[in-house]
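First comes the structure, then the notes that go with it.
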Amino acid sequence: MRVLFVEDDATIRAYLSQGLREAGYAVDAVEDGEVALSLVQGVDYDVVVLDINLPGIDGFEVCARIRQWRAPGPPILFLTAREAVEDRVRGLDSGAEDYIVKPFAFAELLARLRALLRRGGGARATLQLDDLTLDPSTHSVKRGAVPIRLTAKEFALLEYLMRSHGRVVTKPMIAEHVWDLELEAETNFIEVLIYALRKKIDAPFETPLIHTLRGVGYRMAIPANDE
């Protein structure tokens, strides 16, 4: 899932970005409200994590403009040192879904993000396709009764494919939702990860679920009888 993280403190920005990436998120981290707004106009983010005290345009204004431009738009979570009740109220009234005050526990941030993604995307807590199930809240995958261990990036890729099941997703689409902006879609890294995921999800089982459309992309679906 793709996260836009807007934070002007370089240390916090680097630390949290790394933590979110290790948790399987694709993170675009910026320090400026204007840059954040330009990115939101061009990228389909799954969630925005936003500080209030930013150079130029503050977080309240960034949030309000996102809500004006895009309806419903991505869920927005304020992550800020401003703990006054009036700031919390203003943040929620400007269009944010959640508000966390620094300092905070990183595990709580991850739990809040999972909750926002479930609500914001209208997604079920558990995704299922045939006998394959994925639970974002516990970061677990099973095929039938068999648990499958995935790396963070394998899990993020599988979650994106399952949420897009039945549709063809291209390499640029995968790069946009699962990786950061600097990853070029032409790299064979996506092919390598698809191969690794197939070895765990499809190879040991009778029914393949990940399909390649050569020159187009990938589709996750139950094969028709004539395939």
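Please identify the pairs in which a residue from the stretch 159-175 that is farther than 21 Å from residue 131 by Cβ has its Cβ atom under 6 Å from the Cβ atom of a residue that is in a loop (DSSP other than H, G, I, E, B), counting only partners at least 6 apart or on another chain.
From the stretch 159-175, the pairs are 168/216; 171/185; 172/185; 175/183; 175/185.
Do any residues in the stretch 80-105 that are more than 17 Å from residue 54 (Cβ to Cβ) have Cβ atoms under 9 Å from those of residues that are in a loop (DSSP other than H, G, I, E, B), where the two are at least six apart or on different chains, and which pairs are they?
83/102; 88/82; 97/75; 98/75; 103/81
Out of the residues in the stretch 176-197 that are at pLDDT below 80 and part of a helix (DSSP H, G or I), state the one that is surrounded by the fewest Cβ atoms within 10 Å (Cβ to Cβ).
The extreme case among them is 176.
Quick one: residue 114 ticks every box in (1) under 22 Å from the mean Cα position of the chain (by Cα); (2) under 15 Å from residue 50 (Cα atoms); (3) charged (D, E, K, R) except a single one, so which number is it?
(2)
Counting only residues that are surrounded by fewer than 18 Cβ atoms within 10 Å (Cβ to Cβ) and either of a type in the set (Asp, Glu) or not in a strand (DSSP E or B) (or both), how many does the stretch 126-145 have?
Summing the residues that are surrounded by fewer than 18 Cβ atoms within 10 Å (Cβ to Cβ) and either of a type in the set (Asp, Glu) or not in a strand (DSSP E or B) (or both) in the stretch 126-145 gives 9.
Go through the stretch 46-101 and give me each residue that's under 17 Å from residue 7 (Cβ atoms), small (Gly, Ala, Ser), surrounded by fewer than 18 Cβ atoms within 10 Å (Cβ to Cβ) and at pLDDT 90 or above.
81
Mind listing whichever residues of the stretch 40-58 are touching an Asp or Glu at 6+ places or on another chain (Cβ under 6 Å) and closer than 30 Å to residue 155 by Cβ?
51
Filter the helices (runs of 4 or more DSSP H) completely within the stretch 8-122 down to those with at least 1 residues that are touching a Leu at 6+ places or on another chain (Cβ under 7 Å), of a type outside the set (D, E, K, R) and not assigned by TED's automatic domain parsing to the domain that holds residue 175. Step through it out loud before you land on a result.
Details: elements: 10-22, 33-42, 59-69, 85-93, 106-120.
So the answer is 33-42, 59-69, 106-120.
Please find, within the stretch 202-221, the residue that is nearest to residue 147 (Cα to Cα) out of those that are in contact (Cβ under 8 Å) with a residue 24 or more places away in the chain and surrounded by 15 or more Cβ atoms within 10 Å (Cβ to Cβ).
Checked the stretch 202-221; the qualifying residue nearest to residue 147 (Cα to Cα) is 205.
The values are calculated or read from the model by the stated rules, or taken from the named source; none is laboratory data. Small disclaimer: the values here were computed from a predicted structure and weren't measured. No Cβ is skipped: glycine too gets one built from the backbone with ideal geometry, and neighbour counts run over all protein chains shown.
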